[in-house]
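J.: One structure coming up, written as structure tokens, with questions to follow.
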Amino acid sequence: MLSKETILNKIQILITHHFNTPEEAFAFFDKDGDGKLNKAEIVKLLKEAEINGFIRGMISSNLIEGYDKDGSGLIDWDEFKSAIDEISEK
């Protein structure tokens with residue numbers, strides 16, 4: 001399976017090449033406009049980041065588990081920003 005670092009790097013590449021800001025990327029993938037990314041929206045983000053389809057579901061669950069600080073089962077803007085900040089630090 002891909003390492004967390006590899007996955008986050010692929011997400012960073014997607015964001016920097018296709019969006020002007022992380023906020024724009026978040027809004028694009030937040031299809032229902034509720035201010036949170038659900039599992040299906042995260043799977044779409046991973047697909048766009050060219051993460052293999054076979055493991056997307058598992059990775060999306062791991063991302064939610066790792067960054068969902070409030071236990072909602074969703075990734076809100078602050079949690080998404082936390083992941084982006086982690087990418088930027090590397």
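J.: Assign unit charges at the C-beta atoms only (+1 for Lys and Arg, -1 for Asp and Glu), then state the dipole size of the stretch 4-89 relative to its Cα centre in Debye, rounded to the nearest 20.
T.: I would put it at about 420 debye.
J.: Also, I was wondering about something else. Give me I13, I42 sorted ascending by neighbouring Cβ count inside 10 Å, so fewest comes first.
T.: Ascending Cβ contact count within 10 Å gives the list I13, I42.
J.: Could you work out the per residue convex hull volume over the alpha carbons of the chain, in cubic angstrom?
T.: Once divided by residue count, the hull of the chain is 85 Å³.
J.: Which value at 222 nm does the chain reach when only helices count, each DSSP H run of 4 or more adding -39,500 (n - 2.57), with the total divided by all residues and rounded to the nearest 500 deg cm²/dmol?
T.: After summing the helix terms and dividing by residue count, I get -21000 deg cm²/dmol.
J.: Explain nothing, just compute: Karplus ³J(HN,Hα) = 6.51 cos²θ - 1.76 cosθ + 1.60, θ = phi - 60°, for every residue of the stretch 56-72 in order, whole Hz, x for Gly and Pro.
T.: Those phi angles translate into 4, x, 5, 5, 4, 4, 5, 5, 4, 4, x, 10, 7, 6, 8, x, 7 Hz.
J.: Mind sorting E65, E41, E48 by how few other Cβ atoms lie within 10 Å of their own Cβ, fewest first?
T.: Fewest-to-most Cβ neighbours within 10 Å comes out as E65, E48, E41.
J.: Right, next: Positive end of the charge dipole of the chain (Lys, Arg +1 and Asp, Glu -1 on Cβ, about the Cα centre): tell me which of I84, V43, Y67 has its Cα farthest that way.
T.: V43
Taken together, the values in this text are just the output of simple stated rules run on the coordinates, not laboratory data. Values in this document were obtained by computation on a predicted structure and should not be read as measured data. Every residue, glycine among them, receives a Cβ derived from its backbone with ideal geometry; neighbour counts consider all protein chains shown.
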